[in-house]
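Participant: Supplied in structure tokens, the structure appears directly below.
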Amino acid sequence: MTWAAVRRAGEGVPQPAPPVLLVEAEALLATDPAAEAALALLRRDPFRPLRRAAGLDRDPDGVGDGAAGLPDPRLLPLDPEVLRFLEAERVAGRRLVLFGRAWPGLARALAERVGWFEGVLDPEETRPERLRGRLGGAFVLLARDRPDPSLLRSAAGLVLREDALPPPGSDLSVVARIARSRPPFRLWLRALRLHQWAKNLLVFVPVLLAGPLATAADYGRTLLAFLALGLLASAGYLVNDLLDLEADRRHPEKRTRPFAAGTLPLRSGIVAVPVLLAAAAALSLLLPRAFAIAAGGYLVLTLAYSLALKRVALLDVFVLGGLFSLRVLAGAEVISTPLSYWLLTFSMFFFLSLALVKRHAELDQLARRGGVALDDRGGYATVDLPLLMALGLATAVAATLIFVVYLVAEQFPRAIYSRPGWLWFVFPILLLWLVRVWRLAIHGRMSQDPVLFALTDRPSLAMAAAVLACLLAAW
């Protein structure tokens, strides 16, 4: 039974006016404002932690980080359980007053969003000698984590989360508890983006093209490489989402991502990153050293993309294409057959074209909403659409031509396949799929990620099955 429900059960009995509910602004949030500020600061200045560790930071105590680092309060997710509790108290006639502590302006911005508070107190107004006079009597405190000791000494009671303990040394009574629901496991699956692991199936390309030369050990090592790259990819997605909180909240689709929406705690995501990296490193120890180098390059490039490179127009799509090619390279390093540079060149052009499709789709959707520029993606503007299309179609044609060279210069002379003529049919299938993807993008019917699109598109799945059938027939 809620606090408000308990009071309503005693209606008709004369009671003194209930104490004011004094609410800390941070308690309204479904996210951790300190972690938000730290991540925003890291995004703006990725090398600051290194400078601080080296003693080169002019602000070693972090003075000024809070106000400058906190993202736009109008975008911060609010805690639905806290809002439900406050709504019940407001309807029951309790006075609600908000106060801010660490970030100037946060309390007033949140008060404007919610609209339930009769007043907002500045930090100076929460001093004990002024507080009771300002509130007109006793008050009950609802704080986020560790309430200010001076407020505890002045309060008449506490409102806590159902899993929170009273502050050490405090003898205040807990007058109400607010429910806290645990995030379902599916949110972690979404944050880790296990569906994106499908992109790591590219590590199987070298072993499949090796044909009869591939051994069972090659397939086993390739499976371990797939798992290791999947863990690295998930760590990279977590870093990307943690650093892109504000941009994701402004996006019509990405704002529902678990960290941006506040449905997963930021600190859990920060802890999960090194755990995933350690697991990937452990698997890499079971594979050749060359794979570890390729995987390390993939990780470094992923982090560089999240921190800076994705905001450099055109360079960002080259990096995305390179990340796909690194998957192919990593797969080639774990099998016994030598690396094909023609295959690597083909993958670079092929995936550069897909990266250009991704950016074209984002810009096209922006243009259909009446927007002009992607400010968080290097300043791409809708006038860049013809350039992206031309470059994407050119790289698509180049990729398929390089695949033909790969067949003529490497596969046919080596006589690996017993019926290599079947491989010729792969060329028109690849070209047809790429042209179809670009046609859908031009018509505004392409999702922002063409690789994930291919996993749910029936014609794409049929073409992939046809390519696989050609490879098996060539064996």
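What follows is calculated from the coordinates using simple rules that are stated; it is not laboratory data. Treat the numbers as computed from the prediction; the structure is a model and nothing was measured. Virtual Cβ from ideal backbone geometry, glycine too; neighbours counted across all protein chains shown.
Participant: Tell me the net charge near Arg161. Cut-off is 10 Å between Cβ atoms, Arg161 excluded, with +1 for each Lys or Arg and -1 for each Asp or Glu.
Facilitator: -2
Participant: Give the order of His443, His360, His195 when sorted by the count of other beta carbons within 10 angstrom, beginning with the fewest.
Facilitator: Numbers: His443 9, His360 26, His195 13.
The order, fewest Cβ neighbours first, is His443, His195, His360.
Participant: In deg cm²/dmol, rounded to 500, what helix-only [θ] at 222 nm does the chain give when every DSSP H run of at least 4 residues adds -39500 (n - 2.57) and the total is split over its residues?
Facilitator: Calculated at 222 nm, the ellipticity per residue is -17500 deg cm²/dmol.
Participant: Here is a further query. Can you give the Rg to Rh ratio of region 166-233, both from alpha-carbon atoms, with Rh computed by the Kirkwood formula?
Facilitator: In region 166-233, Rg relative to Rh is 1.46.
Participant: Normalised by the number of residues in region 340-475, what is the relative contact order in percent for Cα pairs under 8 Å and 6+ residues apart? Provide the component values of the computation, followed by the final result.
Facilitator: Values: 140 pairs, mean separation 42.8, N = 136.
This gives 31 percent for region 340-475.
Participant: Determine which aspartates and glutamates satisfy two conditions relative to Lys310: a Cα distance under 12 Å, and not lying fewer than 8 residues away in the same chain.
Facilitator: Answer for Lys310, where 12 Å is the Cα cut-off: Asp244, Asp375, Asp376, listed by chain and number.
Participant: Applying a 10 Å radius around every beta-carbon, put 184-194, 325-335 in order of their mean neighbour count, most first.
Facilitator: My ranking of the peptides, most packed first, is 325-335, 184-194.
Participant: Follow-up question, since we're still on this one. Pulled fully out, how much extra length does the chain show between Gln196 and Ala216, if you take 0.36 nm times their separation in residues and subtract their Cα-Cα distance?
Facilitator: Gain on stretching Gln196 to Ala216: 4.6 nm.
Participant: Rounded to the nearest 5, what % of the DSSP beta bridges within the chain are antiparallel ones?
Facilitator: Looking only at bridges with both residues in the chain, the antiparallel portion is about 15 percent.
Participant: Say R0 is 41 Å: what FRET efficiency, to the nearest 0.05, do Ala138 and Arg74 get from their beta-carbon distance?
Facilitator: Numbers: r = 33 Å, r/R0 = 0.80.
Efficiency, rounded to the nearest 0.05: 0.80.
Participant: Another question about this same structure. Once you keep just the Cα pairs under 8 angstrom separated by 6 or more residues, what percentage relative contact order results for the chain?
Facilitator: Details: 660 pairs, mean separation 59.4, N = 475.
Reported as a whole number, the value is 13 percent.
Participant: Oh, and also: Please list 204-213, 161-170 highest first by mean number of surrounding beta-carbon atoms within 10 Å per residue.
Facilitator: Numbers: 204-213: 18.7, 161-170: 12.1.
For the peptides 204-213, 161-170, the packing ranking is 204-213, 161-170.
Participant: Using a Förster radius of 51 Å, what is the FRET efficiency between Leu471 and Val383 based on their Cβ-Cβ separation? Nearest 0.05, please.
Facilitator: For Leu471 and Val383, the calculated efficiency is 0.75.
Participant: Using only the alpha-carbon atoms of region 235-332, report the extent along each of the three principal axes, biggest first, to the nearest angstrom.
Facilitator: 42, 33, 18
Participant: Can you match semi-axes √(5λ) of the Cα gyration tensor in Å to one of these, (1) 37, 29, 24; (2) 55, 23, 21; (3) 39, 27, 20, based on a calculation from the structure here?
Facilitator: (2)
Participant: Placing +1 at every Lys and Arg Cβ and -1 at every Asp and Glu Cβ, with all other atoms neutral, what dipole size does the chain have around its Cα centre, in debye to the nearest 20?
Facilitator: 700 debye
Participant: Let me ask something else about it. Need one number: convex hull volume per residue for region 318-475, Cα atoms only, in Å³.
Facilitator: Spread over its residues, the Cα hull of region 318-475 gives 111 Å³ apiece.
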